[in-house]
Amino acid sequence: MLNYSALMRALDKNIRYLVIGDPVSHSRSPGLQNAAFRSANLGRPYARLQVDVSDLPEFVRFAAEHLKGVNLTVPHKHAVVPLCDEISQQAKLCGSVNTLNIIGGRVLGDSTDGPGIEYALFKEFGFVPGAKKILFLGAGGACRATAFHLALRGADSIIIANRTVSKAQELAKEISRNSSCNASGCDIADKTQLKTALAECDLVIQATSCGLKESDPPPIDTNLITSDCHFDCFDTIYKETALLKAVRACGLRGAGGKQMLIGQGAASFRIWTGIEPDITAMEAGFEEDISQEDTVC
Ligand code: NAP
């Protein structure tokens, strides 16, 4: 059940924006969003809230009445789609919403993960998707939103390697149907296919949840990364993962997911306020300690 008394206390403190998830205590969004709001003289109106999947419909009704904006993380991005009054074309295509914009009690859903990764890839590697070959590891929500976006931005081919092969193949079919990108799916454990894909691609995007824990092994056999490879590697996790270490040891460029979070957060901020956010302030806000002050409940 939603904790209404904590939510009402938050409203009294002028909280009007929330990031929700389960879990959500690790989220860096309050630090970076409040830095952008402060820099625009708009106070400190953003906090995090743990919401169980079963409470999502009730939360969306509360948000429509009392809030201005929401970010959503695992496991809500897909489940929230039918609860919105309207969703953007991009969110409709990728079946994922990470931003709610609330105007006059109406809930408008959008997806900023795609623009976020495009921003990050350019910032980290000067990478633009046009005519590029991309290998995705993982086929969950993050892959879905970002692969669709990069396909629509002109990527030449996308291979999706996943543990559950059928998920990768279905997503690849949808991407091929809705864009001019040539997409296919394969088994992440198929060393022959993976070796060829690694040697041919311009970019590897690590979008599995392997690496969230310090002890997690890389999602692929890193012996497959050889001197034939020329790719840049972007890991959506914002930590130094085992995969990034292996890639750098082979002399290739690697970057973690921090800039993606900043890019998607900046896009959400623009949707809510119509103001260009102070990115330098957001970067400093990301580095702030996770403050319990920013937790509603
Ligand atoms: P998700 O929907 O739960 O998907 C998880 C993916 O990881 C699935 O493809 C799953 O494969 C795969 N996986 C899980 N454990 C695995 C293992 N042991 N070996 C191989 N594959 C495994 O999660 P998501 O929303 O896509 O998020 C994925 C990652 O992206 C997370 O680490 C998240 O932190 C990150 N992310 C970062 C940002 C950012 O701004 N930087 C934004 C969004 C997400 P199966 O399909 O076989 O289960």
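Conditions (1) in the same structural domain as L49 (by TED's automatic domain parsing); (2) under 18 Å from L121 (Cβ atoms); (3) assigned to a loop (DSSP other than H, G, I, E, B); (4) of a type outside the set (V, I, T), marked per residue:
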residue: A199; (1), (2), (3), (4): no, no, no, yes
residue: D216; (1), (2), (3), (4): no, no, yes, yes
residue: H230; (1), (2), (3), (4): no, yes, yes, yes
residue: A266; (1), (2), (3), (4): yes, yes, no, yes
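Residues that are at pLDDT 95 or above, part of a helix (DSSP H, G or I) and in contact with a strand residue (DSSP E or B) (Cβ under 6 Å, 6 or more places away or on another chain) do occur in segment 34-44. Of the residues screened, F122 is not one that is open to solvent by less than 30 Å² (accessible area, probe 1.4 Å) and either outside the structural domain of T236 (by TED's automatic domain parsing) or aromatic (F, W, Y) (or both).
Restricted to segment 1-49, and to residues there that are within 18 Å of the chain's Cα centre (by Cα) and among the polar types (S, T, N, Q), the residue that is most open to solvent (accessible area, probe 1.4 Å) is S25. Only a single criterion out of (1) open to solvent by less than 40 Å² (accessible area, probe 1.4 Å); (2) free of Cβ contacts under 8 Å to residues at least 60 places away in the same chain; (3) within 15 Å of the ligand (Cβ to nearest atom) is not satisfied by N71, namely (2). In a residue-by-residue description of segment 272-281, the property of being hydroxyl-bearing (S, T, Y) and over 21 Å from A145 (Cβ atoms) applies to at least one position. For segment 221-240, the candidate set comprises residues that are at pLDDT 95 or above and more than 12 Å from K195 (Cα to Cα); within that set, the residue that is most open to solvent (accessible area, probe 1.4 Å) is H230. Number of residues in segment 97-112 that are open to solvent by 10 Å² or more (accessible area, probe 1.4 Å) and either within 16 Å of the ligand (Cβ to nearest atom) or within 16 Å of the chain's Cα centre (by Cα) (or both) equals 1. You will find that of L67, L100, L137, the residue that is in contact with a Pro (Cβ under 8 Å, 6 or more places away or on another chain) and either modelled with pLDDT of 95 or more or β-branched (V, I, T) (or both) is L137 and no other. If I ask for residues that are within 9 Å of the ligand (Cβ to nearest atom) and loosely packed, with under 15 Cβ neighbours inside 10 Å, which ones from segment 188-208 would you list? The answer is A189, and nothing else. Taken over segment 231-277, the criterion of being in contact with a Pro (Cβ under 7 Å, 6 or more places away or on another chain) and of a type in the set (F, W, Y) is satisfied by F269 alone. Identify, please: which residue in segment 130-184 is among the acidic types (D, E) and in a helix (DSSP H, G or I) and is, among those, surrounded by the most Cβ atoms within 10 Å (Cβ to Cβ)? It comes out as E174. Is it the case that some residue within segment 231-250 is near the ligand (Cβ under 9 Å from one of its atoms), under 23 Å from E287 (Cβ atoms), hydroxyl-bearing (S, T, Y) and touching a helix residue (DSSP H, G or I) at 6+ places or on another chain (Cβ under 9 Å)? Taking every residue of segment 231-250 in turn, at least one turns out to be near the ligand (Cβ under 9 Å from one of its atoms), under 23 Å from E287 (Cβ atoms), hydroxyl-bearing (S, T, Y) and touching a helix residue (DSSP H, G or I) at 6+ places or on another chain (Cβ under 9 Å).
In the set (1) open to solvent by 70 Å² or more (accessible area, probe 1.4 Å); (2) at pLDDT 95 or above, the condition left unmet by Q89 is number (2). All of (1) open to solvent by 20 Å² or more (accessible area, probe 1.4 Å); (2) within 16 Å of the ligand (Cβ to nearest atom); (3) part of a helix (DSSP H, G or I); (4) over 22 Å from C143 (Cα atoms) hold for L261 with one exception: (4).
The values are calculated or read from the model by the stated rules, or taken from the named source; none is laboratory data. Keep in mind that what you see is a predicted model, and the values were worked out from it rather than measured. So basically every Cβ, Gly included, is an ideal-geometry build from the backbone, and we count neighbours across all protein chains shown. Quick note on the areas: whole protein, heavy atoms, side chains included, nothing else; ligands and nucleic acids left out. Shrake-Rupley method; radii C 1.70, N 1.55, O 1.52, S 1.80 Å.
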